[in-house]
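Asks: Sharing a structure here in structure tokens format.
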Amino acid sequence: NKLKGMILLKHGVFSFGDTAKKSYDRMINIVTDAENYLKEKKVWKKYEKTKCKPDLLVLAEIRKKASEIAGTPCLAVLNNNDEAVGFSKMNNADKLSSLGTLTPDHVIRTKPFAWVIKNGIEKSAENFKKKYSQYFDKHAKKGLTKLDNGPKWALWPNQGTICFGKSSKEAYIIRDINRHTIRALQMAQKLDSWKPISFKELFDVEYWELEQAKLKKDTKSSKFQGQISIVTGAASGIGKACAEKLLHKGSVVVGIDKNPKVSKLFNGNINYKGIICDLTNNQKVQESIQNTVYAFGGIDILVSNAGTFPESMALEKITNNKWALDMEMNLGSHHKVLRECIPYFKFGINPSVIFIGSRNVGAPGPGAGTYTIAKSGLNQMARLAAIELATYNIRVNTVHPDCVYDTKVWTN
């Protein structure tokens, strides 16, 4: 039992032992020796605290282009921590990002090289497509089916890295690989140089027969796979039902509500993010929309649902204060959310707005003055939005529900 381990060049480390515990302990020892060696050589540097604020509209544009290249909607998860931004600022970051993967099996997740976003999004995207096609044509054997041209991660110079996936799970896996890859690239370069396996060898792993078999299976995805939805008033009632249905259909969903319960829905589903927000507050609305784009890369669907059913009151008794409060919640807040979303919708994938109206628009009831009038105003705003946003291929629709009993409006 003299053999304690084996280092397979350009692949990884193995450890051996009579028991699982001994093998595990030896792995820890081998890795610790390597870490101590790297510390002695001082190959790791701490990066300055980044003050970089990403341009979220550009991020949304990048995500749309990545989806176009891939031929399917995808999420774009930004890594702009100090390490990622530091890497993206290195003079040779674009070269290092284009040489290969940290281990051969990573290529299944990340493709052999990054999309380097340099000299404009369009031009660099075309360069990536061309490079991947040439890589395939050079190494492919007859009968192989080419994977999509879409990038799996991008180097965004001076901003960090972006990882793409059809779901949160896929994007997060690629992000985790990317995090330790860029660290290893920097350390290897400072110690000596970065020398991965050849593209030919990477191709053989990426297009391994077992991987190709997966392509030949039914790859039908959920209706809203890779799309990003916002649902306001998501803590209960119609909003919660819409969020649940969108999740079921494959979308990632950001639920926004002033009720703190919104952040704890759906048992920690990684495709859901809850944001506590008072939708009558301009700054909070703006922050919520920005946080959505920061988390997933854009916005495709808005279900503008949040509202209240205020105390019934005859028109002659409605005070100025009640009028202002009710109008702001049931009409003004919808405009605030829509206004902040529109710039991102322009880079959305099949973008769509759904306003939740009310049966009261067509059949008002006595005493429901501010509610009915606000919902009627919302109906007209939806019509106007449909006209204005049609030029950007953004669809706008309104749904007018009747009685919804699982809300606080109705008693037992």
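Asks: Looking at Ala171, Ala188, which one is out of contact with any Gly (no Cβ under 6 Å at 6 or more places or on another chain), among the hydrophobic types (A, V, I, L, M, F, W, C) and in a helix (DSSP H, G or I)?
Replies: Only one candidate passes the filter, namely Ala188.
Asks: Would you mind stating whether Leu3 is in contact (Cβ under 8 Å) with a residue 12 or more places away in the chain, over 21 Å from Tyr172 (Cβ atoms), part of a loop (DSSP other than H, G, I, E, B) and over 35 Å from the mean Cα position of the chain (by Cα)?
Replies: yes
Asks: Then there's this: May I ask you to verify whether Ile238 is aliphatic (A, V, I, L, M), buried (at least 17 other Cβ atoms within 10 Å of the Cβ) and under 20 Å from Ser167 (Cα atoms)?
Replies: For Ile238, the condition - aliphatic (A, V, I, L, M), buried (at least 17 other Cβ atoms within 10 Å of the Cβ) and under 20 Å from Ser167 (Cα atoms) - is not met.
Asks: Another question, then. Which of the following residues is of a type outside the set (A, V, I, L, M, F, W, C), more than 30 Å from Lys200 (Cβ to Cβ) and either open to solvent by less than 50 Å² (accessible area, probe 1.4 Å) or touching a residue at least 24 places away in the same chain (Cβ under 8 Å) (or both): Lys41, Lys22?
Replies: Lys41
Asks: Taking Pro54 and the conditions (1) in a loop (DSSP other than H, G, I, E, B); (2) open to solvent by 30 Å² or more (accessible area, probe 1.4 Å); (3) under 25 Å from Pro343 (Cα atoms), which numbered condition does it fall short on, given that it satisfies the others?
Replies: (2)
Asks: Given the structure, is Glu83 outside any strand (DSSP E or B), among the acidic types (Asp, Glu), in contact with a helix residue (DSSP H, G or I) (Cβ under 9 Å, 6 or more places away or on another chain) and more than 29 Å from Ser251 (Cα to Cα)?
Replies: yes
Asks: So, one more: Return only the number of the condition from (1) modelled with pLDDT under 95; (2) in contact with a strand residue (DSSP E or B) (Cβ under 8 Å, 6 or more places away or on another chain); (3) of a type in the set (Ser, Thr, Tyr) that Thr161 does not satisfy.
Replies: Only one criterion is unmet by Thr161, namely (1).
Asks: Exactly one condition in (1) touching a Gly at 6+ places or on another chain (Cβ under 6 Å); (2) part of a helix (DSSP H, G or I) is false for Ala76; which is it?
Replies: Against the list (1) touching a Gly at 6+ places or on another chain (Cβ under 6 Å); (2) part of a helix (DSSP H, G or I), Ala76 comes up short only on (2).
Asks: Would you say Ile342 is under 30 Å from Ala154 (Cα atoms) and in a loop (DSSP other than H, G, I, E, B)?
Replies: Taking the combined requirement at face value, the residue does not satisfy it.
Asks: If you don't mind, another one. Which of the residues spanning segment 178-210 are open to solvent by 20 Å² or more (accessible area, probe 1.4 Å) and within 28 Å of the chain's Cα centre (by Cα)?
Replies: Correct list: Arg179, His180, Arg183, Ala184, Val205.
Asks: Got at least one residue in segment 129-148 being at pLDDT 95 or above and either among the aliphatic types (A, V, I, L, M) or part of a loop (DSSP other than H, G, I, E, B) (or both)?
Replies: No, segment 129-148 has no match at all.
Asks: Whether any residue in segment 388-405 is open to solvent by less than 40 Å² (accessible area, probe 1.4 Å), over 16 Å from Thr308 (Cβ atoms), in a helix (DSSP H, G or I) and not polar (S, T, N, Q) is what I want to check.
Replies: Looking for residues that are open to solvent by less than 40 Å² (accessible area, probe 1.4 Å), over 16 Å from Thr308 (Cβ atoms), in a helix (DSSP H, G or I) and not polar (S, T, N, Q), one finds at least one in segment 388-405, hence yes.
Asks: I'd like the full set of residues that are over 24 Å from the mean Cα position of the chain (by Cα) and open to solvent by 90 Å² or more (accessible area, probe 1.4 Å), limited to segment 88-104.
Replies: Asn91, Lys95
Asks: I need every pair where a residue in segment 96-117 that is part of a helix (DSSP H, G or I) has its Cβ under 6 Å from the Cβ of a residue that is basic (Lys, Arg), sequence separation at least 6 or different chains.
Replies: Pairs that qualify, where the first residue is part of a helix (DSSP H, G or I) and the partner is basic (Lys, Arg), are Thr110/Lys152.
Yes/no matrix, rows are residues, columns are (1) open to solvent by 50 Å² or more (accessible area, probe 1.4 Å); (2) part of a helix (DSSP H, G or I):
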position: Leu247; (1), (2): no, yes
position: Lys261; (1), (2): yes, yes
position: Phe266; (1), (2): no, yes
position: Glu287; (1), (2): yes, yes
position: Val303; (1), (2): no, no
position: Ala324; (1), (2): yes, yes
position: Leu338; (1), (2): no, yes
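Asks: Which residues, taken from segment 268-285, are part of a loop (DSSP other than H, G, I, E, B), touching a residue at least 12 places away in the same chain (Cβ under 8 Å) and within 23 Å of Leu378 (Cα to Cα)?
Replies: Cys277, Asp278, Leu279, Thr280
Asks: Of the residues that make up segment 318-332, is at least one touching a residue at least 60 places away in the same chain (Cβ under 8 Å) and out of contact with any Pro (no Cβ under 6 Å at 6 or more places or on another chain)?
Replies: no
Asks: Among the residues of segment 115-128, write down those that are in contact with a helix residue (DSSP H, G or I) (Cβ under 8 Å, 6 or more places away or on another chain) and surrounded by 17 or more Cβ atoms within 10 Å (Cβ to Cβ).
Replies: Trp115, Val116, Ile117, Ile121, Ala125, Phe128
Asks: Then there's this: Yes or no: Ala154 assigned to a helix (DSSP H, G or I) and open to solvent by less than 40 Å² (accessible area, probe 1.4 Å)?
Replies: So Ala154 fails the test.
Asks: Related question: Given the structure, is Val361 farther than 22 Å from Asn282 by Cα and modelled with pLDDT of 90 or more?
Replies: no
The values are calculated or read from the model by the stated rules, or taken from the named source; none is laboratory data. Everything numeric in this text was worked out from a predicted model, so none of it was measured. Cβ: placed from backbone, ideal geometry, glycine included. Neighbour counts: every protein chain shown. Side chains included, ligands, DNA and RNA excluded: accessible areas come from the protein's heavy atoms. Shrake-Rupley method; radii C 1.70, N 1.55, O 1.52, S 1.80 Å.
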